[in-house]
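The values are calculated or read from the model by the stated rules, or taken from the named source; none is laboratory data. On a predicted model such as this, the values are computed, not experimentally measured, just so you know. For neighbour counting, all protein chains shown are included, and Cβ atoms are generated from backbone atoms with ideal geometry for every residue, glycine included. Surface accessibility is based on the protein's heavy atoms, side chains included, excluding ligands, DNA and RNA. Shrake-Rupley method; radii C 1.70, N 1.55, O 1.52, S 1.80 Å.
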Amino acid sequence: MSVIQTQELAVGYGGRTVVGDINLEALKGQFICLLGPNGSGKSTIIRTLSGLLRPLGGCVYLKGEHLNAIEPRELAKTMAVVLTERLSPGLIKVFDLVAMGRYPYTDFFGRLTGKDREKTREALGLVDAGRLADRYFNELSDGEKQKVLMARALVQEPEVLILDEPTSHLDLKHRLEVMAILRRLTQEKGITVILSLHEVDMALKSCELVILVKDGKILASGAPEEILSDERVAELYDIDCANFSNCLGGIELRNGGGAGVFVLAGGGSGALVYRLLNKQGFSLSTGVISENDIDYHVGRALGATVISEKPFEEISKSALNRAVFAGAQAAYILDAGFPLGTQNRRNLDLVKQILAQGRTIYSLRHPREARFLFGEDQDQWVFCPTTGVLLSNLKREEGRRQSKKAATSAAAAMG
Amino acid sequence: MVQRGLSGFSRKMRRNPSYLLSLFGLLLVISLVLSITLGSVSIPLKDLCQVLFGQGNHAVDKTVILDIRLPRALAAVFGGAALAVSGLLLQIFFRNPIVDPYVLGVSSGATLVVALLMLTGFSLGMGSVSPFLVTLAALIGALAVVALVMAIAQRVKSAVTLLVIGLMIGYLCSAVVNILMTFAEKENLHNFILWTLGSFSGFDWGEVEILAPAGGVLLAAAYLLSKPLNALLLGEDYAQSMGVNIKKLRISTVLISSALTALVTAFAGPVAFIGLASPHLARLILGTSDNKILIPASILLGATVTALCDLLARISFSPIELPISAITSLLGAPIVISLLMKRRTSL
């Protein structure tokens with residue numbers, strides 16, 4: 001049964017439509033997220049759905065009834081909100097603030113009954129904030145405040161909970177906690193949760209249904225796994241400096257343009273090294289990696305040239321050749337210390353061909369292991385016990401290379 | 001925990017506001033008694049009791065008590081209570097701790113009309129301006145501004161806009177008053193300035209009989225608003241989401257607070273500081289923003305402080321009376337500052 005439904009809804013302020021043509025349906029116990037860049041109109045939709053703002057066109061139905069026709073007190077018993085506005089309610093203790101949510105239930109003077117107190121304690125417990133009851137609200141941290149405001153909304157005993165950017169200003173721990181609490185509410189209490197977010201990864205990982213809002217319209221809606229494709233996220237946020245990876249559930253900043261590094265990787269050995277080098281501005285190529293490897297996804301998300309092989313297939317000759325070529329193009333060769341097995345044993349040939357070209361290999365592998373795998377001759381190897389050492393070696397070499405380049409071009413100019 | 005360095009006893013009291021409220025009540029009674037007994041003619045407590053209960057034979061004392069000091073003390077009590085609650089309502093309404101009852105321009109309107117009366121030729125041929133006329137003029141000015149503010153309050157969307165408009169009305173009135181003052185005669189000017197500093201002197205029963213019931217009704221009305229006003233502590237959006245009719249609340253808050261201020265200003269002139277500081281005193285001493293407690297506490301504290309300040313204004317340089325606004329500010333500001341400094345949480 002649909003709890004909230006909108007029909008041709010247009011939202012905005014004073015005649016100016018911010019988002020139009022909104023047709024949504026929220027079912028009981030659903031966890032729904034409005035996703036979009038800042039200024040896309042998420043908050044305007046949220047305010048309209050919660051009845052704080054009148055629709056400019058179309059309408060919102062709450063359990064089949066016209067939202068703006070519902071008596072405010074009755075509405076408050078069905079729907080509660082958590083807003084982004086920063087509160088400074090004065091000298092008020094957490095328990096009393098949460099108890100204010102009993103407003104639609106209490107008598108003319110707002111006196112609390114035993115049941116009201118019971119509900120207040122229960123709500124504080126639900127958000128794991130029972131121990132804050134006697135503190136002044138103003139003394140709390142942002143994360144604690146957010147949980148208390150959620151408790152305040154919960155004592156209204158709503159069937160629908162609407163939250164505007166509940167995770168902004170929060171640290172990671174509280175962000176996760178808030179989302180976990182909300183998910184629990186949908187599952188255990190059957191509350192329909194509608195919230196706006198701007199973090200794609202949080203939406204992907206917690207919501208049942210996402211609604212993408214951009215440029216005054218609904219871009220798409222559906223299960224995040226289905227509609228949050230890498231391209232669509234890039235479109236949603238106009239991202240061109242980073243890549244979103246659906247299966248990693250996160251965003252990687254793209255970089256590149258610096259000196260090329262070819263990373264011998266695989267089996268997850270490359271992921272961290274890629275990120276490290278990417279941050280330092282190196283442009284990456286890597287191989288040969290199986291397409292079911294985490295290194296493949298991270299590398300792709302970072303915008304690296306990934307020379308890959310089909311999942312569970314042995315490395316083909318053509319892939320090997322492409323990798324050798326990419327290695328020859330790169331200024332530096334780096335061995336991330338990948339594990340060598342039957343499927344990727346051609347990487348051994350790759351290393352040997354690179355060595356045959358007289359290249360130096362910077363390696364994160366233990367020298368003994370390298371000797372065992374690639375032979376006794378270790379003149380061409382630079383072993384780095386940590387990524388820090390690796391980085392400083394690369395940087396030193398890069399500085400030398402740059403000055404040499406400058407000298408050559410100066411000589412050429414003089415000649 | 002909140003106010004370090006306080007004894008356990010007072011901490012226990014803070015947990016139970018009804019103790020503190022009765023203490024405030026007791027203080028109010030004491031200050032009333034002091035107001036009546038002290039002065040150029042000192043009246044022993046015993047005589048006071050006898051006069052009040054109609055015993056003994058104290059003709060002079062009876063006149064002093066019943067015709068001069070009691071109406072004046074009651075006026076100070078009701079005036080102080082009215083200003084305190086008016087200030088409290090506006091502080092909640094505008095969610096701004098430095099708002100006072102005059103912020104919407106009510107006293108400026110009163111001052112303007114009083115200035116027109118006292119500083120221009122309107123009173124020519126009447127000798128001196130009668131106090132009744134001044135009261136009437138102040139009431140007309142105050143109510144005119146209340147009507148104006150109410151008309152605006154129904155139109156503007158945000159409370160802050162209303163606040164700024166109120167300030168602008170105040171500036172407009174002051175501008176005209178300043179022009180009038182420039183061309184005024186010296187003696188008129190002196191009287192006018194004394195009026196603008198406020199005074200409860202010369203209150204008679206006729207005035208108290210208007211001030212007390214009207215003030216009482218408005219104070220009760222303010223108390224009836226305490227539930228929605230509490231919800232308003234969380235801001236208009238949250239209040240609305242909990243079922244508060246914001247428009248109705250806005251109109252009634254502005255109306256009650258303006259009417260309270262208009263009432264006091266008409267009879268006593270603009271009395272500074274009480275309306276700003278009493279709500280703060282109540283909040284800081286009780287450690288709460290709950291209006292069910294704050295409204296009665298502000299009434300009692302506003303009344304007590306005003307009665308005591310009026311007493312000081314009367315007796316400290318007797319027979320010369322000091323303007324009450326000078327006393328309220330001089331005594332009150334240091335108290336509020338020291339309470340604020342002791343507190344960790346902001347208001």
Problem - Residue check, A:Pro89 within 15 Å of A:Ser196 (Cα to Cα), in contact with a helix residue (DSSP H, G or I) (Cβ under 7 Å, 6 or more places away or on another chain), at pLDDT below 90 and not basic (Lys, Arg) - result: no
Fill in the blank from the handout: Note on region B:315-331: residues under 21 Å from B:Leu286 (Cβ atoms) and either at pLDDT below 80 or open to solvent by 80 Å² or more (accessible area, probe 1.4 Å) (or both) are B:Leu331
Exercise for the section: Scan region A:71-99 for residues that are more than 7 Å from chain B (Cβ to nearest Cβ) and of a type in the set (Lys, Arg) and jot them down. Expected result: A:Lys77, A:Arg86, A:Lys93
Practice task
Kindly check whether there is at least one residue in region A:117-134 that is open to solvent by less than 10 Å² (accessible area, probe 1.4 Å), assigned to a helix (DSSP H, G or I), within 9 Å of another protein chain (Cβ to nearest Cβ) and among the aliphatic types (A, V, I, L, M).
Solution key: no
Completion exercise
Per the filter on region B:36-76, residues closer than 14 Å to B:Phe203 by Cα and in contact (Cβ under 8 Å) with a residue 24 or more places away in the chain are B:Ile36, B:Val64, B:Ile65, B:Asp67, B:Arg69, B:Leu70, B:Pro71, B:Arg72, B:Ala73, B:Leu74, B:Ala75, B:Ala76
Problem - Test for A:Arg400: is it open to solvent by 50 Å² or more (accessible area, probe 1.4 Å), closer than 27 Å to A:Gly281 by Cβ, not in a loop (DSSP other than H, G, I, E, B) and not acidic (Asp, Glu) - result: yes
Exercise for the section: Might you check whether a residue that is part of a strand (DSSP E or B), open to solvent by less than 40 Å² (accessible area, probe 1.4 Å) and in contact with a strand residue (DSSP E or B) (Cβ under 6 Å, 6 or more places away or on another chain) occurs anywhere in region A:224-243? Expected result: yes
Practice task
Collect the residues in region B:13-42 that are more than 15 Å from B:Arg314 (Cα to Cα) and not in a helix (DSSP H, G or I), keeping them in residue-number order.
Solution key: B:Asn16
Practice task
Only residues that are within 14 Å of another protein chain (Cβ to nearest Cβ) and open to solvent by 10 Å² or more (accessible area, probe 1.4 Å): list them for region B:266-285, please.
Solution key: B:His280, B:Leu281, B:Arg283, B:Ile285
Fill in the blank from the handout: Looking across region B:290-314 at residues that are in contact with a Gly (Cβ under 7 Å, 6 or more places away or on another chain) and open to solvent by less than 20 Å² (accessible area, probe 1.4 Å), the single one that is farthest from the other protein chains (Cβ to nearest Cβ) is B:Ala307
Handout entry: Restricting region B:23-62 to residues that are loosely packed, with under 13 Cβ neighbours inside 10 Å and of a type in the set (S, T, N, Q), the residue that is farthest from B:Arg283 (Cα to Cα)
Key = B:Asn57
Problem - Residues that are assigned to a loop (DSSP other than H, G, I, E, B) and either open to solvent by less than 10 Å² (accessible area, probe 1.4 Å) or at positive phi (or both), drawn from region A:176-190 - result: A:Gly190
Completion exercise
With criteria (1) part of a loop (DSSP other than H, G, I, E, B); (2) open to solvent by 20 Å² or more (accessible area, probe 1.4 Å); (3) at the interface with chain B (Cβ under 10 Å from one of its Cβ atoms); (4) not hydroxyl-bearing (Ser, Thr, Tyr), A:Pro55 comes up short on (3)
Handout entry: The listed residue being over 18 Å from A:Tyr274 (Cβ atoms), surrounded by 18 or more Cβ atoms within 10 Å (Cβ to Cβ) and of a type in the set (Phe, Trp, Tyr), out of A:Phe338, A:Phe374
Key = A:Phe374
Exercise for the section: Select from region A:321-363 the residues that are assigned to a strand (DSSP E or B) and over 19 Å from A:Leu373 (Cα atoms) and list them in ascending order. Expected result: A:Tyr332
Exercise for the section: Could you check A:Pro89 against (1) in contact with a strand residue (DSSP E or B) (Cβ under 6 Å, 6 or more places away or on another chain); (2) surrounded by fewer than 22 Cβ atoms within 10 Å (Cβ to Cβ) and say which number it fails? Expected result: (1)
Handout entry: Residue match in region B:274-282 (condition: under 16 Å from the mean Cα position of the chain (by Cα), among the hydrophobic types (A, V, I, L, M, F, W, C) and not in a helix (DSSP H, G or I))
Key = no
Exercise for the section: Name the residue, out of A:Val193, A:Val155, that is crowded, with 23+ Cβ neighbours inside 10 Å and away from every other protein chain (no Cβ under 14 Å). Expected result: A:Val193
Practice task
Could you grab me the full set of residues in region A:270-317 that are more than 19 Å from the chain's Cα centre (by Cα) and β-branched (Val, Ile, Thr)?
Solution key: A:Val273, A:Thr286, A:Val288, A:Ile289, A:Thr305, A:Val306, A:Ile307, A:Ile315
Handout entry: Scan of region B:294-347 for residues that are among the polar types (S, T, N, Q), over 15 Å from the mean Cα position of the chain (by Cα) and within 30 Å of B:Lys227 (Cβ to Cβ), ordered by number
Key = B:Thr345, B:Ser346
Problem - Pick from region B:218-251, criterion over 16 Å from the mean Cα position of the chain (by Cα) and away from chain A (no Cβ under 14 Å), ranking: surrounded by the fewest Cβ atoms within 10 Å (Cβ to Cβ) - result: B:Ile251
Exercise for the section: Look through A:Lys147, A:Lys173 and report the one residue that is out of contact with any Pro (no Cβ under 8 Å at 6 or more places or on another chain) and open to solvent by 20 Å² or more (accessible area, probe 1.4 Å). Expected result: A:Lys173
Handout entry: So A:Ile218, is it in contact (Cβ under 8 Å) with a residue 24 or more places away in the chain and within 19 Å of A:Met79 (Cβ to Cβ)
Key = no
